Amino acid sequence: LFGTIVWILVASTQVPLPLLQGWVMFVAVTAWFLSIVFLSVFLFGYANKVAVNWNQMDFIFHGATFVFYFGAFLLQAATTSLHHFPRKCNATMQERILNGHEYNISIAASV
């Protein structure tokens, strides 16, 4: 659920730094997809057919997801912290990297 929310929030911004926010999107989409696969394994009864320590698999999956989401949080927060820098240096008008609405969306995606 939260991965889907991050996915929507990051996708709704204009993505001023594609490299940073691309990694955030990759983590959110990959974690969402693997969570659906992990849930399907249990819902369809494949967990009983495969001889794997599912407690250990759950611990490893959530540990890896935590590490990747924490890294994505740092990158999203770094992108959000750059909101006051100008995107284009023009003598007549300075357009910021993130406007007020996108700044609020980026804060929500970071949290």
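The values are calculated or read from the model by the stated rules, or taken from the named source; none is laboratory data. As the structure is a computational prediction, the values presented were derived from the model and not from experiment. We place every Cβ from the backbone using ideal geometry, glycine too, and count neighbours over all the protein chains shown. Areas reflect the complete protein model, heavy atoms only, side chains present, ligands, DNA and RNA absent. Shrake-Rupley method; radii C 1.70, N 1.55, O 1.52, S 1.80 Å.
Assorted remarks:
- Checked against the criterion of being at pLDDT below 85, surrounded by 11 or more Cβ atoms within 10 Å (Cβ to Cβ) and in a helix (DSSP H, G or I), the candidates V15, V24, V29, V41 yield just one match: V24.
- Lone unmet requirement of (1) open to solvent by 50 Å² or more (accessible area, probe 1.4 Å); (2) out of contact with any helix residue (DSSP H, G or I) (no Cβ under 9 Å at 6 or more places or on another chain) for W54: (2)
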